[in-house]
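The structure under discussion appears below in the form of structure tokens.
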Amino acid sequence: MNIYALIPLLAATGFLVVIGVVLTRPLTRVHRVFLAYLAVSMLWSVSSFLLHVEFFPQLTFRINQALLIMGATVPIIYFHFVRAFFNRSTNICVVAGYLILAGFAIFVSLGGMLKSSYVLDGILYHEFDAFLYLLVAFEAVYQGTAIFYLVQGFRGATNPQERNRVGYLLLAVTVWMLFMFTNFIPVVANYSVDHIGNIANIGIISYAIMRFQLLNITYVARKSLSYLIMTLGLAGVYATIVLIGLQFFPLLPLYSTFLIASGATVLVALLTPSLRLKVQEAVDRLFYGRTYEHRRAVLNFGTRMGNIINLGELASEMLPAITRALRATRAMLLLQDGQPGDFTAQFVYPESAAEDRLKMGADNPVVTKLDKDNSPIDMRQLDSIPEFKGLWQSEKQQLIESNLGLLCPIKSRGSLIGILALGKKQTRGIYTAEDLDLAMSIASQAGVVIENAQLYSQALVRANTDGLTGLYNHRYFHERLEQEIARSSRFGHIFTVIMLDIDLFKTYNDNHGHLAGDDVLRRIGDYVKSSIRTIDVASRYGGEEFAIVLPQTRLEDAHVVAERIRKTVESRTISRGMPVTVSLGVASWPLDGVMKEEIIARADAALYRAKQSGRNRTCLSTEVTGNEEKSTPATGAEAGPRTLSTVYALAATVDAKDHYTYGHSKKVSEYAVALADAIGLPLDKVATIRAAALLHDIGKIGIPDSILNKKGPLTDEEWEVVKEHPRLGVEILRHVIDLVHCLPAVMHHHEHFDAKGYPAGFMGDSIPIEARILAIADAYDAMTSQRPYREQLSPQKAMEELKQCAGTQFDIQLVEVFRKVIETILAAQGKKVK
């Protein structure tokens, strides 16, 4: 082999290596055209090598024709590659070029252009006709246009990395064209000097690939080395078998020895599939050294992430693995915090680096680019990428001081949900293409896990959170209380529980509406949160009740917190024109018991005492005596304290509106209960009558004061207004679930036994017994009390009036029983009914 054959051989070998590199990557349009360009260039060099090496002297003319066709193809396909590189479509120029090229190939194959060709002492001699100049002009147009595109792209590139890539392509094509011109210099025209340009061209392209990480050279090198070792090993097996055959079986035909050696080699390759894996592992260990095991852990990370639904667990698995695998100084996981779009370093490895938490806003150009490009950002480009010109000085300074080397986007369903931030390399090196692939691989796998973990976290928060107030809910309160009991038992701590109830909240709801009531609940939830520590747990216990757990807090200190909450609620609500107060009860563990139920019961009892003491106050469990323990609300004979509290509050509202009837509801209740007891009604009926009597005039809230306080007789129109108060009362009370059983008595206590009453005109026994009792008690107290429209009657005259109306307005039997009840009452007072 002569020197003139060696030059094209080296060029062909270089193109072959680059083709192998390109084939390891996903083939996009630009890669496919680039691959075709490399293949044609390689065939051009191979044709030149075959001419100069003189392997086939009888085919010299044909090989020279192939050389001429390949040489003419290179400018056309290079023009096509440049258009694809700049994402331009395959236009008419490309199609026309290929059509003209096809015609030229046919023309040359039929003997056109090339007159003669021979090789002497390794030097090629050939003669062309005048068509050569037409071919040169045709190639110059396409090559010149390609260079024009490159120059335009270089000038218009905004990305420095892209600009440098185009620059290297310009340099490569310029060097190649300079050597191509040697074909027109007679002294060197017959030598293969032009292929030195091919070698330079492939060298520059290879440098650009390695320098700007266009393709993964390390991956190809590892694979090539492993396959080379396997090939050499199998070749050794083959050679050993051949030598053994020649040495020990000399009479065996030579072709038989070769066949046996080939079969044995193939059999060894098939029976040892794990051998290639072991060779590959050995090569990888050679390349990666101490980081090999960590890289394997990162590559297998996806198989371990399937069951991870906790962000902390994800970070503890991912950050140490990627830090050690890439030999980074640190790693951070930035996730969106409470402000939508802002990313904060929520997890940092190693922990010693946690003091400076990196935070990037949604409008940060770095975040925008990560979201848009879906590719990592090398922090060395901070000053050179145009998009980062919009960084504020403070943002830029924070990034510089963070000592980061790489930022990788973490996406799910096309949206940026996190950022993997890696510090600079420990060896002060740069992140290679394989490093970037590894980082992006773990980032893409983490995207799904982070989204699942966030969805799980959000579901957990929703499950534990009251939707109206944003506080924890009833279930979570009990869970946390049990945890606090277990923790305090283990470490010997104490804690307190505060129960809070909004005073007269049902009345507020009835007067202002449930939407206003919801607003009060929300605001009180906010006031509670602003009045406690972050370690305290505030929950909505139910309805208008709240519960607060104060870890490691004494009873006296909890009293201070409770008073702070009470005063905050009082002052804030008054300033907003909606005066609302709260009552609070405080209990301590283990002073008030060691079981969860005991602590809640003691705090509830203290709350009940605060209610009974006038509301808008705080009571401690130590102030509650044994007989003051709060009983649970009864559904039968005895109404619960909270229901009675509501009843008394509503009755007081009516009495306050009509000062002439002040105390009327209470006296009617006493008379009605006495009558119900006298006729032997069950205890649950008596309880219903007691509550209904207190509330029978609640509908008067909706009657104008001018009518209620009128001194003279009412007009017919005014009486119609007054007759609506039973319906108004029912409309108010039906919203209070504990008072629903009072509605029939309130609605019909003005019905007459002869069906001439209102509002429904019921008759006789069709009038509910509770309403008939209320009608007698109400009429008696009205007649014996001072009214603006008539004089007060004595008990004797009032009873006579009842007897006269018995059978028409009142139940005859009930009036007779009531007469005996009044006689008993008056006798006890030293009076008589005549």
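Annotations for the structure displayed:
- Within the accessible area of region 752-802 (1.4 Å probe), percent carbon and sulfur: 52
- Computed over protein heavy atoms with a 1.4 angstrom probe, the accessible surface ordering of Glu823, Glu720, largest first, is Glu720, Glu823.
- Exposure ranking of Asp684, Asp754 by accessible area [1.4 Å probe, largest first]: Asp684, Asp754
- Members of Lys710/Lys797; Lys710/Lys756; Lys685/Lys797; Lys396/Lys424; Lys506/Lys820; Lys223/Lys369 lying beyond 27 Å, as alpha-carbon distances in this model show: Lys685/Lys797; Lys506/Lys820; Lys223/Lys369
- Furthest towards positive pole of dipole, Ile485, Leu555, Val537, structure part region 449-559, Cβ charges: Ile485
- Listed by chain and number, the aspartates and glutamates whose alpha-carbon sits under 15 Å from that of Lys425, ignoring those within fewer than 8 places in the same chain, are Asp378, Glu434, Asp435.
- Once the 1.4 Å probe is applied to the protein heavy atoms, region 696-827 comes out at 48 Å² accessible per residue.
- Exposure of Arg324 as accessible area (Å², to 10), given a probe of 1.4 Å and all protein chains: 110
- Shape analysis of region 21-104 places it in the oblate category; the axes a ≥ b ≥ c from the Cα gyration tensor give an a/c of at least 1.5, with a/b not above b/c.
- Under 12 Å of direct C-alpha separation, and excluding same-chain neighbours fewer than eight residues apart, Lys666 reaches these aspartates and glutamates: Asp655, Asp697, Asp778, Asp781.
- In the context of the full protein assembly, Ile92 retains an accessible surface of approximately 120 Å², using a probe radius of 1.4 Å and ignoring ligands and nucleic acids.
- Put a dot 7 Å past the Cα of Glu800, heading toward its Cβ, do the same for Arg554, and the two dots end up 7.3 nm apart.
- Probe 1.4 Å - accessible area at Met177, Å² to nearest ten: 50
- For the pair region 791-812 and region 562-606, the centres of their Cα atoms are 50 angstrom apart.
- Counting only lysines at least 8 places from Lys372 when in the same chain, those with an alpha carbon closer than 18 Å to its own are Lys389, Lys411.
- Using only alpha-carbon positions in region 392-500, the gyration tensor eigenvalues give semi-axes of 42, 20, 16 Å once each is multiplied by 5 and square-rooted (largest first).
- Accessible surface for region 547-596, divided over its residues, is 44 Å² per residue with a 1.4 Å probe.
- Solvent exposure ordering (accessible area, 1.4 Å, most first) of Trp44, Trp719, Trp392: Trp392, Trp719, Trp44
- Relative contact order, whole percent, for region 49-147 stands at 36, derived from Cα pairs under 8 Å and 6 or more residues apart.
- Gain in span if fully extended, Ile185 to Glu717, counting 0.36 nm per residue against the direct Cα distance: 179.1 nm
- Peptides 686-697, 135-146 ordered by average Cβ neighbours within 10 Å, highest first: 686-697, 135-146
- Accessible area in square angstrom per residue, region 1-142, 1.4 angstrom probe: 48
The values are calculated or read from the model by the stated rules, or taken from the named source; none is laboratory data. All figures in this text were calculated on a predicted structure; none of them were measured in a lab. In this analysis, Cβ positions are derived from the backbone assuming ideal geometry, glycine residues included, and neighbour counts consider all displayed protein chains. The protein model used for the area step is the full one, side chains on, heavy atoms only, and it has no ligands, DNA or RNA in it. Shrake-Rupley method; radii C 1.70, N 1.55, O 1.52, S 1.80 Å.
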